[in-house]
Amino acid sequence: MGLLECCARCLVGAPFASLVATGLCFFGVALFCGCGHEALTGTEKLIETYFSKNYQDYEYLINVIHAFQYVIYGTASFFFLYGALLLAEGFYTTGAVRQIFGDYKTTICGKGLSATVTGGQKGRGSRGQHQAHSLERVCHCLGKWLGHPDKFVGITYALTIVWLLVFACSAVPVYIYFNTWTTCQSIATPSKTSASIGSLCADARMYGVLPWNAFPGKVCGSNLLSICKTAEFQMTFHLFIAAFVGAAATLVSLLTFMIAATYNFAVLKLMGRGTKF
């Protein structure tokens, strides 16, 4: 019953902010990485099919896209691991804070995890309680790894700054595709624009996607409208939007993690628990 009691008590003292942030983190990273990977593949096909007939013109772009796809694999792996660590840290520090305020009853698991925080005494040995104390020692070892909330706050803060840049970069392809789609809408309804249809173009060179000597580099008029109507263009556009939403969800989760971890660290610091718990 010791293990069942431990699980029940841990659920009662669950850090709901960390649970929500973990769910957002996993959802956002999966959406960003999965949709971003497929959107980059779709962009590569659109460029080589409609915007350039010479492989050397977009060879560098393909290398960049492949490099970003490999980075996406690493990003997904890192965030799923780090999200699990942050969730464990949330359980750890939240349990310690609730124990300080007296609204969280200490159990075998709670004693083990909070031993390094509260400075509590080690359990007295007895053969009848050998299994319970073994569990406590396992939790105590886990507590040593999670006993540095100040470092988690610093790492999460730095990661949030980096992810702000990723979030901003994920908006760039959405902007490019939205401009192209808007141009197609103007071509489809010429009565709403004073410009001639032939002068309405989408130029990949002006965004730095292709070099200026690439041929044709741009598509205009009815040819551009036919591209916008393809399922490939529509799918890639929506995939980039989904990746942007995933990046936003991940950013919100990191901010939530950072706020919760900072609050717990501040409380423990204020209560005189030191910086190393």
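The values are calculated or read from the model by the stated rules, or taken from the named source; none is laboratory data. Quantities reported herein were computed from a predicted structural model and do not represent experimental measurements. All Cβ positions, glycine included, derive from the backbone under ideal geometry; neighbour counts span all protein chains shown. Just the protein is used for accessible areas: all its heavy atoms, side chains included, with ligands, DNA and RNA removed. Shrake-Rupley method; radii C 1.70, N 1.55, O 1.52, S 1.80 Å.
Quick notes on this structure:
- Segment Phe215-Thr41, length gained on full extension (0.36 nm per residue, minus Cα span): 60.6 nm
- Centroid-to-centroid separation of region 30-79 and region 202-254 [C-alpha atoms, Å]: 12
- Values of log10 I(q)/I(0), in the order q = 0.11, 0.13 Å⁻¹, for region 171-277 under a Debye, Cα-only, solvent-free model: -0.53, -0.62
- For the set Ile155, Ile62, solvent exposure ranked by accessible area (probe 1.4 Å, protein chains only) runs largest to smallest as Ile155, Ile62.
- If you sort Lys229, Lys269 by accessible surface, 1.4 Å probe, largest first, the order is Lys229, Lys269.
- Accessible area of Cys220 (1.4 Å probe, protein heavy atoms only, ligands and nucleic acids ignored): about 30 Å².
- Modelled this way, with points 7 Å down the Cα-to-C-beta line, the labels at Phe27 and Val172 are 2.8 nm from one another.
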